[in-house]
Every structure is written in structure tokens, then in C-alpha cells.
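What follows is a short report on a single structure.
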Amino acid sequence: MQKALLIDPGKCTGCRQCEMACSFEKEGVFNPAKSRIRVFDFHTEARFVPYTCTQCEQAWCKTACPVGAITLDARTGAKIVHDNHCVGCKVCTIACPFGTVNYNVDTGKVVKCDLCGGNPACATACPTNAITYIDAEQTGYERMRAWAAKTDNAPVVA
Amino acid sequence: MSWTGKILRVNLTEGTCKSEPLNMKWAREYLGQRGLATKYLAEETDPKVDPLSPDNKMIMATGPLTGTMASTGGRYSIITKGPLTNAIACSNSGGHFGNEMKNAGWDMIIFEGRAPKPVYLLVENETAKLMDASEFWGKSVWETDEGLKAKHQDPMLRVATIGVSGERGVMYACVVNDLHRAAGRSGVGTVMGSKNLKAVAIRGTRGVRVKDPLRFMQVTTEQKRVLAENAVTGQGLPAHGTQVLMNVINETGALPTRNFRDVQFEGAHDISAEAMATPRKTDGQTNLKTNQGCFACTIACGRVSQLDQTHYTVINRPEYWGASGGLEYEAAWALGAATGVSDLEALTFANFVCNEQSLDPITFGATLAAAMELYDLGLITKEQTGGVELTFGSAEALTTMVELTGRAEGFGRELGLGSKRLCEKYGRPDLSMTVKGQEFPAYDPRGIQGMGLTYATSNRGACHLRSYTVSSEILGIPVKTDPLQTDGKAALVKAFQDATAAVDSSGLCVFSTFAWTLDNIAPQIDAACEGEWTAEYLLEVGERIWNLERQYNLAAGLTAADDTLPKRLLKDAAKTGPAKGLVAGLDKMLPEYYELRGWTPDGVPTTQTLQRLSMA
């Protein structure tokens, strides 16, 4: 069963545990600036929104890459950047409509979310379940359930 | 690890920024943040220095766990000599600024001298430079934060700044970072303003390293679970914030009301956490919008509130219509119960303005309360206030005066003195509810006896955060003690003071200690930092820090005579509630406290004590 990251901004408190977990997993240090997932603070609207790669099926980054450095991990559905092939041309960062592929000046390569090989550190670290990793075909389950709960099955009395 | 090992020394007089290595011997003895920066201040400055002269220094300091995944590990402190108190000042803040400073590679930034004209410090990792701040001088915190990000085309800059109050010498200006988190007390922002330093803007992308990464991840994950499973840190604080206390403390008979004339406030419910979460009659919306976590914090006690757009304070003022930092308990008390005002929207507006112009809401509210009493007694008149009736309970007085004080205009200049100087000026020094010149926070020591000793002995003047015995006396953490009794409180206060000094030096938030003891914290520091760190050793570090601060204050000219409370609390009994008939029993606790500390009856650390702590 393939899984996907499900992000529920309503539960996010803006604590950045996800950013630190990501940078630690990928870079070995706590460094939110190097995180593949970012939390945005729309403070006048009282909203915090974690955002990262959604692993598009028709991945623009993968299509645009001139050297074939981005491939599909068939098991997780993640689009993976292969550092040994990446030439740092950044075309993928232009191609991605969502901005979730970015350049790392320290390595000269691009970085993006790879779902940590199927055990995403951000979801593990999130203290409020704003980020979960669930069945890719059922990401709407909880929202459907919430609406279903509001359905009144009692017959209408005329 | 997990110190960066580097200090940034900024000489504002000469306009220079230099990197130097951290003194690791001192780091071992004083840990970081509060303790370590106090050591630097004590070594580098004369404690008798005029706090607002160029000879005073101001230190921004992170702790070893700042910028790590340890829950609440995002704190930084500002250490200096405080103008409000003429004593050691150390104010702690959350938000994201502390992490950014650590990620830029700095344990501390030491500011010396005074810039010839307004400047701000721009730090991008190892690069630091002083920049002309003339375009930001006279601007609010919010305008400066936005303006700096726009000017440098970097929305990820983290900014700590003063508003207008700090530029114009209001004695209790704070330093606000991330728009509404503040290093709040003792006038650290006034010191910043006196140095012509408007702001510090930082971008850090270097990363924070720990000694044993795998063990660190394991232990911090375990300890996050402890916070999540605790009723206070897992449920009470995220749902209600510190405001959960408003009704509790009122029922305890320890909610200081109308400048401590009363100990219970009839309007407490209207300004409580429950009221913040109840839809308003006017627009059907709640005041509270959501909770917010500071960097790395899995508790998330912060309040985010939005005003009623039809409230008189903000009609046709859209700049106040967005959500912003909402009322925490101490601010709600000072702006509300202390002044007798029960209009929740007026309090929220006043809180916004405190953030916008960098006012400490505790001292502002308490000073206004003292002014209201002087007005009640006819010692301040309507002519002096610019026509405003300073009556207890007047929301209009509160909201008008907070704006005037934020800009240091009109009668706001008088309120900007703080209650001690104000009450002295108007001939009634006894009406200032302060210790060492700093206003009390939201717990009446007649109803919570341990807090009387806490206030009297706090090194930075009256403060709840130096030994929060409310935890034990009201909440029963770690053990329940009777708030009306003085027995055993000397030992309780000492234990809290020492442990808190260590926590304040670690990069963690003291609120974690509702669930954590040093036994939970030590393994996290030990996995992150060079050397061996046990709970016993941290307690020793805490006690060493407490004595260092004490020595600084003694050298500054303070004496045991300053370890006291205002006459009102020692002589006038509480009129209502469980503490009815009681005064603060300070005399029953203080001599025992000195003895437990290993100090002389005059409150001076003995040579033996200093030797035991490796300080002599």
C-alpha cells in the first residue's frame, strides 16, 4: 500500500519540530533552513501551514531534468534526486509549480522531499498530528468522516 | 557541541563587530544563556555602572539546547544591568529569534558602548555589520520588523527590536522579537535604546550540532512524550494558555486587584481563558483564534487573538484588525485586575499596543494601577492627565494611556517612569507595589505566602519566574503545599530558584518544568553537550548562578534591606477570600532562607558558601 503525507494546517502550532526533524534526517544537524518541509506563518490570519512536495504523478521536476537525475521510487511514490547525477542546473526548481524543489549551495545539488524512504521524519516529529503519513488513497478519509458525522439520518416528519 | 563556541562582540561606539571564542571553562560552570551571560557581565563591567550609560553592556545569549529538537529549545535571554531596578536584569524570550542566532553560529552577542547615531545589527551567519537605522527610528516594532524584511528582501530574517518607548526612555521597555514575543522585564529595551541600537536582524543557516545525535533524538523524543502526557503541559496550557489561572487564582484569594487594595476581582471571569474562548455578543467571534508554539515547543501555550472590529479602540484602524499575540495571564492581570478593568477587548488592544511599542505589560499595568490610586486620592488631577479620568475600572483610561506611554507622550511620560519613581514623585512611595523597583506580577503574597519570599528575594526585582512556588502551593507540582502557611517555604523557594536558574541557562522554557524536573532535563543536556551533566550538577550550577547574581547586586549597592515587600502587603490584611485576615509573613521566612542559602543574617554569601560553589 502506497502512503502519502497528509497535512492538516488546522492542527499546526508553528513549532518547527518537522523542520528540525527533516534537517536532522537529511543533513545530520538541526537546521530549519535546510529542511525540505517548511512551515508558513500567516500570523494576522492566525494560521500556520506546513508545506512540502506532494510527489506529483506527472512530476514536472522529473520531466524537466536534462540529465535524468530525478527518478521515481516505485515503492513510496517519491520522486528522488540522485546526487551523483544532479549537475545543479536548477531547471527543476523553475519547473516545479509549487516551489518545493530547492538548491543547496553547500552541495551544489537540488534537494526535495523523498519521504525518507517511507518513514518520513516530519510526521514522526509532529506533536499535534498536523502531519501524518497515511494510505495514499484515503487522504480524504477524516474529512469525509467529519462531514458524514453531520448527516442526520432521522426521517423527516411532515 | 552544543555551544557554537563563538561570541560576537559588537562595539557600538567604534562600530566594530568581532568574533571571539567562548570561554568554555565558564560554560562548564554556568551552562549558557542566563548564567553564562551574567558571568560575562559581572567580569566585564562595574556593577555600580549607570544602566543607561555607554559603560553598561547588553548581552543576547542562547543556551546549549537553543536551536535543537529538545522541546521548548528555542529560548534566548537578554542580560544587562536594568534601569528599572539598578540590579541584574535577565529577561527571557521565545519565538524564533533565539534559534536563528544559534543557527547563525553565535552563543552570545555582547553589545558595548553607544552608537553615535541610530543603528541596527545585521547578522547573516558569520557576517555581521552595523547599519544606519535612521529610517526605522521612531517606528514601531511591527513597522521595523516588516521594514527590515522588505529592505533586505528576506522574509526569513528574524528580528528583535524596540518600539518607540525604548527609544524615548520609558523605564520598562522590553525587546520584542517575532512581533509579539518579548524579553519583557526590568527595562532591557530601555538599555538597548540608550545604546542607539534599534534592532538586531538575523539569518542563520549553519545548523546546530549535538554531541551524541542518536541518543539525543531518543531522549528528547521520550521527554516530549512526558510533556504530552502531563495534564498541565499536555492539555491545560495548549487549550487555555497561562490564562487558565485567572479564575483559579481569583478563587484562591490571591488575585491582586486595584493596586493590591483587594485580593479578588469581581470581573475576573470576564477577562479569563474561558471568556477568551466564548463567542462575543457583538460579532459572534471568539477573542482567541488559536494557540501557537514558540520554536521547538511541543506545549504551545501562546495565545493568538483577534479584536472585535467594532470595539471603540479599533474603529477605522485596520492595522489592529489582524490576529496577533493575545493575552497571557500576567498581562491580563496587570492590564485588567490591577486596574479594575474587565473589558476583554480593551485589554487585548492594550496588549497589542504593548507588543507594538515594546512595553512590559506587567509594569505598565501595575504602574497605571498605582497612578489610578494616586488619582483616587486626589494626588494626580485631570489637568495633569490631559483630561483623562484615571479612575479604577476605566477601559478608556487604560487604552488611552497605553498608547501615550508607548510613544512616551503626555501623561504617558509620567507612567513611563514606572510606579516606584511615579509614586515617589507624587509623594506616596508606599503605593508602589514593587520590590527593588520592579512591579509585582499576578499573585498576591497574602494568599500565596511562598510568593512573598519569591518576590522579596528575586535578584531582578519582583518576579514570578524566579521561583514559581504557585506550582506547588496551588497546582500541587511537584508536591502540594498550603498557600496560606509560611512553614517550609524558605526551602521551597530556594529549591525552585536554583532549579529555575539552571533551566533558564539551558535554552529550555521554564514552563516545561510543570512536567519536567532536572532529572528529565539533565539527560537531554548530557546527550547534547560536551562533558557530563547530571541533575545534581545542574542544581549546583543553578545555585552558583543565584549566588553570582546576588554578588552582582551586592556590589551594585543593594543590601538585605532591599529584600522586602511594600508595607501594604506586610501590614494590611487581605479583606476577602481564603486569605482573609492574613498579611504576607515575610519575617517568618526570610531569616531561614538566608540560613539555608549559606548567607549571613545580612544576606551576604559566606566565604564557606562561595568556596563550596567554587566561586572563591
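The values are calculated or read from the model by the stated rules, or taken from the named source; none is laboratory data. Remember, predicted model here, so these are calculated numbers, not experimental data. Backbone-built Cβ (ideal geometry, glycine too); neighbour counts: all protein chains shown. Note: accessible area is taken over every heavy atom of the protein model, side chains too, but ligands, DNA and RNA are not part of it. Shrake-Rupley method; radii C 1.70, N 1.55, O 1.52, S 1.80 Å.
Some observations on this one:
- Residue A:11 versus residue B:28: modelled label distance in nm, points set 7 Å from Cα along the beta carbon direction: 4.6
- Here the calculated FRET efficiency for residue A:84 and residue B:218, from their Cβ-Cβ distance with R0 = 35 Å, stands at 0.65, rounded to the nearest 0.05.
- Rounded, prolate or oblate (a/c below 1.5 giving rounded, otherwise prolate when a/b exceeds b/c) for region B:6-203 by Cα gyration tensor: rounded
- A simple rule links phi to the HN-Hα coupling: the Karplus curve 6.51 cos²θ - 1.76 cosθ + 1.60 with θ = phi - 60°, which for region B:273-288 gives 4, 5, 5, 5, 9, 9, x, 6, 5, 5, 10, x, 9, 8, 5, 7 Hz, with x for Gly and Pro.
- Sequence-distant residues sharing a close amide H with residue B:507 (under 5 Å, placed H): B:63, B:65
- Within region B:224-266, the GluC sites (Glu not before Pro) that combine a DSSP coil assignment with at most 16 other C-beta atoms in a 10 angstrom radius are B:266.
- Spatially near lysine pairs across region B:241-438, Cα under 22 Å, sequence gap of 8 or more or different chains: 5
- A 1.4 Å probe run over the protein chains yields, for chain B, 32 Å² of accessible area per residue, whole-number rounding.
- Among the listed pairs B:102/B:149; B:129/B:224; B:48/B:198, those beyond 29 Å (Cα-Cα): B:129/B:224
- Whole-Hz ³J(HN,Hα) from phi, Karplus 6.51 cos²θ - 1.76 cosθ + 1.60, for region B:494-501, glycine and proline x: 4, 4, 5, 4, 5, 5, 5, 4
- Relative to the current alpha-carbon distance between residue B:409 and residue B:286, full extension at 0.36 nm per residue lengthens the span by 41.0 nm.
- Amide hydrogen neighbours beyond the local backbone of residue B:23, cut-off 5 Å, H modeled: none
- Kirkwood Rh, Cα atoms: Rg over Rh of region B:241-438: 0.96
- Threshold 30 Å², region B:178-202 residues less accessible with all protein chains present than alone (1.4 Å probe): B:179
- Cleavage-rule hits (trypsin sites (Lys or Arg not before Pro)) in region B:517-616: DSSP loop, at most 16 neighbouring Cβ within 10 angstrom: B:575, B:580
- Relative to the longest principal axis of the Cα atoms of chain A, helix A:17-27 runs at roughly 30 degrees.
- Summed buried accessible area for B+A [probe radius 1.4 Å, Å², rounded to 100]: 2200
- Summarising the label geometry, the points placed 7 Å from Cα in the beta-carbon direction at residue B:491 and residue B:211 lie 3.2 nm from one another.
- Model label zone, residue A:2; criterion: amide N under 15 Å from point 7 Å along Cα-to-beta-carbon; scope region A:35-62: A:54-60, A:62
- Here each label is just a point 7 Å from Cα along the line to Cβ, and for residue B:316 and residue B:43 those points are 5.9 nm apart.
- With the convex hull of the Cα atoms taken as the outline of the protein assembly as shown, the averaged projected area works out to 35.6 nm².
- CD proxy at 222 nm, helix term only [per DSSP H run n ≥ 4: -39500 (n - 2.57); per residue of the protein assembly as shown; nearest 500]: -9500 deg cm²/dmol
- The residues of chain A expose, per residue, 56 Å² of accessible area to a 1.4 Å probe.
- Annotation: extensible slack from residue B:226 through residue B:251 equals 6.1 nm (criterion: 0.36 nm per residue apart, minus Cα-Cα distance).
- Förster-model FRET efficiency, 51 Å R0, residue B:269 and residue B:479, C-beta, rounded to 0.05: 0.95
- Neighbours of residue A:10 by Cβ distance under 14 Å: Lys/Arg scored +1, Asp/Glu scored -1, total +1.
- Spin-label proximity, residue B:580 to region B:328-342 - amide N less than 14 Å from point 7 Å beyond Cα toward beta carbon: none
- Amide proton proximity set for residue A:133, modelled H, under 5 Å, gap of 5+: A:6
- Taking GluC sites (Glu not before Pro) across region A:31-139, the ones in a DSSP loop with at most 12 further Cβ atoms lying within 10 angstrom of their Cβ are A:57, A:137.
- With 10 Å² as the minimum drop in accessible area between chain alone and full protein complex (1.4 Å probe), the qualifying residues in region A:121-144 are A:125, A:127.
- Extension reserve of the residue B:13-residue B:143 stretch, reckoned as 0.36 nm per residue once the Cα distance is removed: 44.2 nm
- Region B:216-227 - phi-based ³J(HN,Hα) in whole Hz, Karplus 6.51/-1.76/1.60, Gly and Pro as x: 4, 5, 5, 6, 5, 5, 4, 6, 5, 5, 4, 5
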